[in-house]
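Beneath this line is the structure, given in structure tokens, with notes to follow.
The values are calculated or read from the model by the stated rules, or taken from the named source; none is laboratory data. Everything numeric here is computed off the predicted structure, so don't read it as measured data. Every residue, glycine as well, gets a Cβ built from its backbone with ideal geometry; the counts of neighbours run over all protein chains shown.
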Amino acid sequence: MALRVAVVGSGPAGIYTAEALTKQSPGPVEVDVLERLPTPYGLVRYGVAPDHTSIKSIATYLRRVLEAPGVRFLGGVELGLDLSVDDLLTCYDAVVYCTGAMVDRRMGVPGEDLPGSVAATDFVNWYCGHPDAPDFTLDAEDVVVIGVGNVAVDVVRILAKTADELRSTDVPHNVLTALAESKVKRVHMVGRRGAQHAKFTLKELRELGDLLNADILTFPDEVACADLTELTRQIRGNVDVLQSWSSRVPENRPRRLEVRFWLRPVEILGVSHVEGVRLERTRLDGRRVVGTGEFETIPADMVLRSVGYQSVALPSVPFSEETMTVPNVAGKVRDREFVAGWLKRGPTGVIGTNKSDAAETVRTLLAAVTESPREVRVDDLLRERGVRPVTYPDWLAIEQAEEKLARTLDRGERVKLVGRAAMLEAIGRG
Ligand code: NAP
């Protein structure tokens, strides 16, 4: 008899959990990776920017896990809609929740919901071809991006690049067309603290300085930093790069990027649409960001709020509104229920961080759970409810359709299909 485990979510945390189960379990194990979308890989497919091909290649590692004996992918199956927690606990010896952090954090300023004020999560979903993403046209000339993390850097880079630079990537074709027609001229990326506090990493920051189509600049006063000796190498690197941009002479390239610091948004301005962002200059009082009472307005036709992701509660699963995570001890939530990834620890770290995180959860799980006879099979429950999961071979058919589309459009190795209908058609269920 095998230990049966349901992993909910097929992003990196879910797949690393499946891998850890197959590697750590002393006996046979059967892992079903359940996913509400028809496609696996979560943020690797719908979060990593199309031009970051080396990070996207993590999918090659993740696919080997889905192809391992004892592991199954069941796409198009949603917890709370198709199956309940009780169903899972009936069919499996243990359940691991790995649904990540799917929505944007709020800034809590007036005007945040004006048309033209967009969550970076939605924008990223759009250019990554997420089936639930809204559509965008890039009519804006001035864009303000709030936040100085790696997601902000990604959206700034995608806004600044030409469509030609992205043509060989897997970016959906409707997105490539919108980027080719983009009217964006100026992008302002705004941090509420100093250059030394920015969350982006050096490698990602440097890419902005190498953009062919955009001048980049910073302001000397805003990137000044009194004492660099106390800073880590990574942060010193960020500050050095940002300071070097303050003396760059603009070359009249079609786009201009300004990286601004010590400014916090106090209001998104506009009547029926975004017209600008009112910002207050800041300083630190200890570790607290406080306003100085000096204000500045940056005109904008589009505001991208890139202030972090957050998790959402799963039906009938404990959730802390304070930490926006599932309360757990080393991954254990309740008897036979576990959690891994961003839902466990919050949206921080690189993709690889989820590997050690999942390994911890699986150690806890294997110490707490043993296999026992389970009479109800999830396949039977799903069949009774008229749910036909997207299987791994179905997913391979979607991949093949994406490769075919790339050949038809004379673009790169693959072009993402957009929308569930196109994906279902690719697996013969159109
Ligand atoms: P993040 O790294 O947490 O950055 C969020 C940014 O928003 C920070 O600059 C933060 O400033 C700012 N912020 C938060 N609340 C704000 C507010 N109310 N007003 C103004 N600014 C506010 O989040 P992220 O960029 O979404 O990235 C999430 C994770 O994914 C990170 O671990 C990131 O490294 C990872 N990621 C990695 C890559 C890559 O490796 N290429 C790409 C994308 C994402 P404070 O610091 O002052 O709070």
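Values as computed for the structure displayed
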read-out: Residues located in the range 198-226, provided they are closer than 11 Å to R157 by Cα and among the small types (G, A, S); value: G209, A214
read-out: Residue check for A140: within 16 Å of G42 (Cα to Cα), over 12 Å from the mean Cα position of the chain (by Cα) and either of a type in the set (A, V, I, L, M, F, W, C) or at pLDDT below 95 (or both); value: no
read-out: Within the range 230-266, tally of residues that are under 30 Å from E181 (Cβ atoms) and part of a strand (DSSP E or B); value: 7
read-out: Candidates R264, R287, filtered to the one that is among the basic types (K, R) and at pLDDT 95 or above; value: R264
read-out: The range 271-321, residues that are acidic (D, E) and in the same structural domain as G147 (by TED's automatic domain parsing); value: E275, E280, D285, E294, E296, D301
read-out: Members of the range 319-369 that are of a type in the set (K, R) and farther than 26 Å from P26 by Cβ; value: R345
read-out: The one condition in (1) more than 26 Å from S182 (Cα to Cα); (2) within 16 Å of the ligand (Cβ to nearest atom); (3) under 22 Å from the mean Cα position of the chain (by Cα) that V109 fails to fulfil; value: (3)
read-out: Residue that is modelled with the lowest pLDDT [pool: residues in the range 345-385 that are hydroxyl-bearing (S, T, Y) and not in a helix (DSSP H, G or I)]; value: T348
read-out: All positions within the range 119-149 that are away from the ligand (no atom under 14 Å from the Cβ) and of a type in the set (A, V, I, L, M); value: A133, L138, A140, V143
read-out: Check on V303, surrounded by fewer than 15 Cβ atoms within 10 Å (Cβ to Cβ), within 12 Å of the ligand (Cβ to nearest atom) and either part of a loop (DSSP other than H, G, I, E, B) or in contact (Cβ under 8 Å) with a residue 60 or more places away in the chain (or both); value: no
read-out: Failed item in (1) in the same structural domain as T17 (by TED's automatic domain parsing); (2) buried (at least 21 other Cβ atoms within 10 Å of the Cβ), with T353 passing the rest; value: (2)
read-out: Residue match in the range 196-212 (condition: farther than 30 Å from P131 by Cα, small (G, A, S), at pLDDT 95 or above and away from the ligand (no atom under 15 Å from the Cβ)); value: yes
read-out: Residues of the range 185-195 that turn out to be away from the ligand (no atom under 12 Å from the Cβ) and either closer than 14 Å to K161 by Cα or aliphatic (A, V, I, L, M) (or both), as a count; value: 3
